[in-house]
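Colleague: The structure is given below, and queries will be raised subsequently.
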Amino acid sequence: MQGLGSNRPKQRLQDGAAPQEQPFDCTEFVAETLLPTLTGKYRLRGYRHTFDGGRTYTEPSCIITGYPEGLENVPVRVHDACFTSEVLGSLKCDCAGQLQMAMGYIQQNSPGLIIYLQQEGRGIGLANKIAAYALQEEGLDTVDANRALGLPDDCREYSSVKNILKDLRIKSIRLMTNNPRKMQVLEELGVDVTGRIPCIVESQEFNVGYLATKQTRMSHWLSESETDSLDGSYCFWNHDGEPLLPSVADKGSNGGNGRLISRPQI
Ligand SMILES: [Zn+2]
């Protein structure tokens with residue numbers, strides 16, 4: 001099966017292996033089914049993805065309403081998996097609420113889609129996330145807990161998003177997010193982001209600290225008036241910081257054509 005991806009110059013994939021022409025990131029479509037759920041029916045497309053030339057694989061999926069193929073300005077949520085909130089009902093974060101809002105939004109504003117990525121804990125994995133939670137019980141916030149463990153603040157990568165949008169021939173998107181970094185990274189990958197749809201879950205007692213950290217240390221836009229750009233204090237791999245491009249910051253407050261707000265579910 002031919003996958004979508006980026007070619008990289010000749011590289012050694014394993015010790016002693018011959019150099020090979022192989023895509024660095026490659027996303028293969030596997031199959032599509034129609035999935036009935038509590039909130040309506042969705043097209044569910046399964047993919048297999050590597051971003052390291054085939055050393056490791058994840059399985060992104062795409063949750064779709066209607067037929068966005070070939071369209072512009074499609075509402076898209078790029079959502080990272082959160083076992084603790086989505087499966088266990090954890091109240092420590094806002095991920096499950098954001099997923100529910102996005103599923104409802106694309107039902108009401110079809111066609112639309114959610115690209116669901118297996119990047120637990122901002123990419124550090126479930127076991128590391130549990131370790132970070134344990135440190136948070138001792139008083140560290142979500143950023144400092146990762147750093148205390150020697151882990152990056154955020155190591156999510158989005159090359160599969162570019163490939164899946166190409167697979168669906170989607171020309172441009174309106175991104176459902178509060179995260180300036182996500183908009184910046186997708187634009188750097190070549191995704192045409194024409195607007196932003198805020199995706200704000202109202203805080204409750206168990207996640208108010210986490211959301212405050214997102215707002216103050218990760219520059220997430222969590223109120224209507226916010227346009228703050230990243231100041232470099234929150235960083236992703238090497239703790240050097242990544243200033244936000246002005247063009248992305250400008251889209252923060254008014255680039256969206258919709259809005260998602262949710263009351264807490266408890
Ligand atoms: Zn979460």
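All of the numbers you see were taken from the coordinates with simple rules; none came from a lab. Quick caveat, the model's predicted, so the values are computed rather than measured. All Cβ positions, glycine included, derive from the backbone under ideal geometry; neighbour counts span all protein chains shown.
Colleague: Among the residues of region 57-77, what is the count of those that are in contact with a Gly (Cβ under 9 Å, 6 or more places away or on another chain) and part of a loop (DSSP other than H, G, I, E, B)?
Modeller: Residues meeting the conditions: 5.
Colleague: Could I ask something else about it? Cβ-Cβ below 6 Å, separation at least six or inter-chain, first residue in region 158-178 and assigned to a strand (DSSP E or B), second among the charged types (D, E, K, R): which pairs?
Modeller: Taking only residues 6 or more apart or on different chains, the pairs are Leu175/Arg196; Met176/Arg77.
Colleague: From the set of residues in region 114-127 that are over 12 Å from Arg156 (Cβ atoms) and more than 13 Å from the chain's Cα centre (by Cα), which is farthest from the ligand (Cβ to nearest atom)?
Modeller: Ala127
Colleague: Return the residue satisfying two criteria in turn: it lies in region 95-104 and is within 12 Å of the ligand (Cβ to nearest atom) and among the aliphatic types (A, V, I, L, M), and of such residues it is surrounded by the most Cβ atoms within 10 Å (Cβ to Cβ).
Modeller: Keep residues of region 95-104 that are within 12 Å of the ligand (Cβ to nearest atom), which gives 95-99.
Now restrict to residues that are among the aliphatic types (A, V, I, L, M): 96, 99.
Working: Ala96: 19, Leu99: 22.
Restricting to residues being within 12 Å of the ligand (Cβ to nearest atom) and among the aliphatic types (A, V, I, L, M), the top hit is Leu99.
Colleague: Could you tell me whether Gln107 is touching a residue at least 24 places away in the same chain (Cβ under 8 Å), away from the ligand (no atom under 15 Å from the Cβ) and in a helix (DSSP H, G or I)?
Modeller: Values: touching a residue at least 24 places away in the same chain (Cβ under 8 Å): yes; away from the ligand (no atom under 15 Å from the Cβ): yes; in a helix (DSSP H, G or I): yes.
Spelling it out, Gln107 is indeed touching a residue at least 24 places away in the same chain (Cβ under 8 Å), away from the ligand (no atom under 15 Å from the Cβ) and in a helix (DSSP H, G or I).
Colleague: Would you be able to tell me the number of residues in region 111-147 that are among the hydrophobic types (A, V, I, L, M, F, W, C) and over 22 Å from Thr50 (Cβ atoms)?
Modeller: Result for region 111-147: 8.
Colleague: So, one more: Find the residue count for region 110-136, including only residues that are outside any loop (DSSP other than H, G, I, E, B) and either out of contact with any strand residue (DSSP E or B) (no Cβ under 9 Å at 6 or more places or on another chain) or of a type in the set (A, V, I, L, M, F, W, C) (or both).
Modeller: The qualifying residues number 15.
Colleague: Kindly indicate which of Gly150, Gly89, Gly139, Gly54 is in a loop (DSSP other than H, G, I, E, B), surrounded by fewer than 16 Cβ atoms within 10 Å (Cβ to Cβ) and within 14 Å of the ligand (Cβ to nearest atom).
Modeller: Gly89
Colleague: Let me ask something else. Can you find, within region 58-86, the residue that is nearest to the ligand (Cβ to nearest atom) among those that are among the hydroxyl-bearing types (Ser, Thr, Tyr) and surrounded by 15 or more Cβ atoms within 10 Å (Cβ to Cβ)?
Modeller: For region 58-86, the residue satisfying everything is Ser85.
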